[in-house]
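Here the structure comes first, spelled out in structure tokens, and everything after it is commentary.
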Amino acid sequence: MIKEAVGGNANTSAYCLVYLSDQIIQDEIRSKVHAMEIQDPRIIEIERKHYLDILPMDLAGEVEADNIIFHEEIEEYKFNSYLKSIIDTYKTRYDRITQAVETKDKKSVPTYLNSFGCYLKNVKSLEEILKWYIVDTVLQDSPKKVKLLELKNSPRLIKLLEDRLSSLAKPYGFKHLILSNSEEELLTSNLKDYIKEHLIVIYCQSYIISMLEERWRDACYAAWMALEVEILLI
């Protein structure tokens, strides 16, 4: 209690220890810099070092290490808060791709033209890469908005996601979230093949249909996207 921190008694002390986040310190520094109309960003780092110089070197190191762990725990908490949504969306997308591939008939348009996911689903040896790709797209659409490859730098988050995915029943479960170099190359080469062989076909089909139905805006968009693909392949 602050009212008891007056010193002089056996169980009280006049000393108080207050923890401030690095963000609060930097906000305070920026407000001072703005008030003084100092535009040099180097002054912020100088002021920050001043705060660290007040502490002994060993204690400053402990505080810095604790701050890193604390921020990792915050990221883990945020990630965990929408992890259920990520898993549910992953399962839904996997089901849609599987259904699209399994319900095709001889008269229908080849399902591998529908999406890159369907393209991967048509090759049994790429099943694990398909699951990896779906999780990657879900993460990019989530509040985290991060690519799965970037999570390699966040071992706590990758472990959290691996645990949830490995606990899923078939056919959803898998543990392989870190791709090997050869698997990354395989994913990249398949994506290039898909774009080269199929994506431009989709836009050309869309262009023809839009022209026949006199949907001029859609036709212009399809033509523009087909041109973008051609430029990408050059």
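The values are calculated or read from the model by the stated rules, or taken from the named source; none is laboratory data. In this text the structure is predicted, and so the values were computed from the model without any measurement. Quick reminder, even Gly has a Cβ in these numbers, built from the backbone with ideal geometry, and neighbours come from all protein chains shown.
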Check: When the residues of region 158-182 are filtered to those that are of a type outside the set (Lys, Arg), outside any loop (DSSP other than H, G, I, E, B) and touching a helix residue (DSSP H, G or I) at 6+ places or on another chain (Cβ under 9 Å), which remaining residue is surrounded by the most Cβ atoms within 10 Å (Cβ to Cβ)?
Finding: Leu161
Notebook entry, point to check: In region 75-92, what count of residues is obtained for those that are surrounded by 11 or more Cβ atoms within 10 Å (Cβ to Cβ), within 17 Å of the chain's Cα centre (by Cα) and not acidic (Asp, Glu)?
Noted result: 10
Note to self: Please determine whether any residue of region 223-233 is in the same structural domain as Ser115 (by TED's automatic domain parsing), in contact with a Lys or Arg (Cβ under 7 Å, 6 or more places away or on another chain) and closer than 25 Å to Ile134 by Cα.
What the structure shows: no
Margin query: Only one of Asn153, Asn190 is of a type outside the set (A, V, I, L, M, F, W, C) and modelled with pLDDT under 85. Can you tell me which?
Written below: Asn153
Check: Any residue at all in region 98-115 that is at pLDDT below 60 and touching a Phe, Trp or Tyr at 6+ places or on another chain (Cβ under 6 Å)?
Finding: yes
Next item on the list: Within region 132-140, identify whether any single residue is surrounded by fewer than 16 Cβ atoms within 10 Å (Cβ to Cβ) and either at pLDDT below 85 or more than 16 Å from the chain's Cα centre (by Cα) (or both), and answer yes or no.
Entry: no
